[in-house]
Amino acid sequence: MNTFLILTMKSKLKCPKCGYEFEYKWIPGVSFTSIKLGKKRYMRCPECRKFSLFNIWDTRIKDKKK
């Protein structure tokens, strides 16, 4: 049985240019839509379409345990 465990995380981000708040799902160590810079990623805001630096690690949403 082949099973793959994909660890996805979610961050709540706010664009520094337009103030738009959005949730961003990501996989640690992998990036298809942004440039990784340690804990931060340089990516485009989905609202104003301008590139900014977002801290995805410190703004991650932690799962609530049931």
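No value in this document is a laboratory result; all are computed from the given coordinates. Small disclaimer: the values here were computed from a predicted structure and weren't measured. Note that we place each Cβ from the backbone using ideal geometry, even for glycine, and neighbour counts take in every protein chain shown.
Out of the residues in region 25-43 meeting the condition of being in a strand (DSSP E or B) and out of contact with any Lys or Arg (no Cβ under 7 Å at 6 or more places or on another chain), tell me which one is nearest to SER11 (Cα to Cα). Step by step, filter region 25-43, then rank; the result is TRP26.
Out of everything in region 44-53 that is basic (Lys, Arg) and either more than 12 Å from the chain's Cα centre (by Cα) or outside any strand (DSSP E or B) (or both), what residue ends up being surrounded by the most Cβ atoms within 10 Å (Cβ to Cβ)? Reasoning before the result, please.
First, pick out the residues of region 44-53 that are basic (Lys, Arg): 44, 49-50.
If we keep only those that are either more than 12 Å from the chain's Cα centre (by Cα) or outside any strand (DSSP E or B) (or both) as well, we get 49-50.
Working: ARG49: 9, LYS50: 11.
Among residues in region 44-53 that are basic (Lys, Arg) and either more than 12 Å from the chain's Cα centre (by Cα) or outside any strand (DSSP E or B) (or both), the one surrounded by the most Cβ atoms within 10 Å (Cβ to Cβ) is LYS50.
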